[in-house]
Amino acid sequence: MGSDEGQTNGAIQGPAEADRLARLRRAALRLDSGAGLLAAARGLRRRLPGDERFGDPLSTAGDAPFQLIARSVSSLRPERESVVKELGLAGLQVWQSLSETAGRGAGKDELALLFTDLVGFSSWALGAGDAAVLSLLREVGVVVEAAIVDHNGRIVKRLGDGLMATFLSVQDAVEAALDAHDALARVSVDGYRPRMRAGVHWGRPRPLGGDYLGVDVNIAARVAEAAKADQVLVSEGALSRLDPNAVAVGRSKRLKAQGTPRGLRVVEVCR
C-alpha cells in the first residue's frame with residue numbers, strides 16, 4: 001500500500017512540478033527578451049571599449065579565442081533578441097578590445113589603409129539610368145585605380161562606388177588620394193562630375209584570405225566616412241608618418257564615430 005501511495009503522490013506532484021518549471025521558463029524568456037533590458041544592455045555595450053557591433057560575421061571571422069566563442073554565442077537562438085546574449089557579447093567585446101590594445105589579434109605588418117567613396121553618387125544614380133551609371137563607374141575606376149597603382153598601392157576590394165587599398169607608406173596613400181582627386185576633376189558623364197572623399201589610417205590590420213579585418217580597418221573606414229566631398233582626412237597616427245613639407249595640413253578635430261577609439265583625431269591634408 002505504501003508503494004501505491006508513493007506512486008500516486010508522484011503522479012500528482014509530477015505535472016504540478018512540470019507546470020511550475022514551464023511557467024518559470026516562460027517568465028525567464030520574457031525577461032530575457034524585454035525591450036527595456038535589451039536597451040540597457042545595448043547602451044552598456046556603447047559605453048564599453050571595443051566594437052559595440054562585435055558578434056556579427058564580419059567581426060568574428062578568424063581563429064582568435066574570443067572570435068571562436070563569439071561565433072558560438074551569436075549562433076544561440078539567432079531568431080530571438082536576448083539580453084543574456086548581448087551581455088555575453090559585451091564581455092567578448094571588451095576581451096577583443098584588450099587583445100587589440102596588447103597587439104594580439106592584430107596583423108604582423110603595419111600598413112597604410114585608404115578608403116574612398118563618391119559623395120552624392122547614390123542620389124544622382126537614381127535618375128541617371130544604368131548606362132550613365134556604368135559609364136561613370138568605369139571612368140572613376142580607371143583614374144582612381146591608376147593613381148593607387150602609380151603609388152605602389154594594392155587594391156584590396158571594390159565597394160560599389162568606392163574601394164579599399166593598402167600601401168607600405170602613408171605618403172604613398174595620401175599622394176594616391178590627392179592624385180585621384182585631381183584626375184576626377186576631369187571626369188564628367190552627362191554633365192555630372194563625381195566628387196570623392198577619402199580617409200587614410202596607419203595600423204596593423206588582420207589578413208584574412210585576400211582581405212583585411214580588424215579595428216584598424218574599421219577606423220580607416222570611419223575616417224573616410226567623416227570626410228566631405230573633395231576632402232582627404234588622415235588620422236593623427238598616420239599624419240606622424242607623413243612628410244610635413246609635402247602637403248598642407250588643416251586643423252585637427254576629434255573623430256566622433258562609433259567603433260573608433262575615444263580621443264582619436266583626424267586632419268585634412270591637401271596640396
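The values are calculated or read from the model by the stated rules, or taken from the named source; none is laboratory data. This is a predicted model, so every value here is computed, not measured. Neighbour counts run over all protein chains shown; Cβ positions are idealised from the backbone, glycine included.
Could you go through segment 182-195 and let me know if any residue there is closer than 17 Å to E110 by Cβ and either under 15 Å from the mean Cα position of the chain (by Cα) or buried (at least 22 other Cβ atoms within 10 Å of the Cβ) (or both). No, because not a single residue in segment 182-195 is closer than 17 Å to E110 by Cβ and either under 15 Å from the mean Cα position of the chain (by Cα) or buried (at least 22 other Cβ atoms within 10 Å of the Cβ) (or both).
Given the criteria modelled with pLDDT of 70 or more, among the charged types (D, E, K, R) and surrounded by 19 or more Cβ atoms within 10 Å (Cβ to Cβ), does D117 qualify? It is true that D117 is modelled with pLDDT of 70 or more, among the charged types (D, E, K, R) and surrounded by 19 or more Cβ atoms within 10 Å (Cβ to Cβ). Set side by side, the residues L136, L178 differ, and just one is surrounded by fewer than 23 Cβ atoms within 10 Å (Cβ to Cβ), out of contact with any helix residue (DSSP H, G or I) (no Cβ under 7 Å at 6 or more places or on another chain) and part of a helix (DSSP H, G or I), which is L178. Filtering segment 254-271 to residues that are among the aliphatic types (A, V, I, L, M) and either closer than 16 Å to W202 by Cβ or surrounded by fewer than 13 Cβ atoms within 10 Å (Cβ to Cβ) (or both) leaves L255, L264, V266, V267, V269. Applying the criterion of being touching a helix residue (DSSP H, G or I) at 6+ places or on another chain (Cβ under 7 Å) and hydrophobic (A, V, I, L, M, F, W, C) to the residues of segment 181-197, the residue that is farthest from E145 (Cα to Cα) is V189. Being touching a strand residue (DSSP E or B) at 6+ places or on another chain (Cβ under 9 Å) and over 22 Å from G162 (Cα atoms) is a description that does not apply to V232.
Among the residues of segment 197-204, is there at least one that is touching a residue at least 40 places away in the same chain (Cβ under 8 Å) and among the charged types (D, E, K, R)? Yes, segment 197-204 contains at least one residue that is touching a residue at least 40 places away in the same chain (Cβ under 8 Å) and among the charged types (D, E, K, R). Within segment 171-196, the set of residues being small (G, A, S) and without any contact (Cβ under 8 Å) to a residue 12 or more places away in the chain comprises A185, S188, G191. Filtering segment 234-253 to residues that are among the basic types (K, R) and surrounded by 13 or more Cβ atoms within 10 Å (Cβ to Cβ) leaves only R241. When segment 139-168 is filtered for residues that are under 23 Å from D190 (Cα atoms), touching a residue at least 40 places away in the same chain (Cβ under 8 Å) and surrounded by 14 or more Cβ atoms within 10 Å (Cβ to Cβ), the ones remaining, listed by number, are E139, V140, V143, V144, D161, G162.
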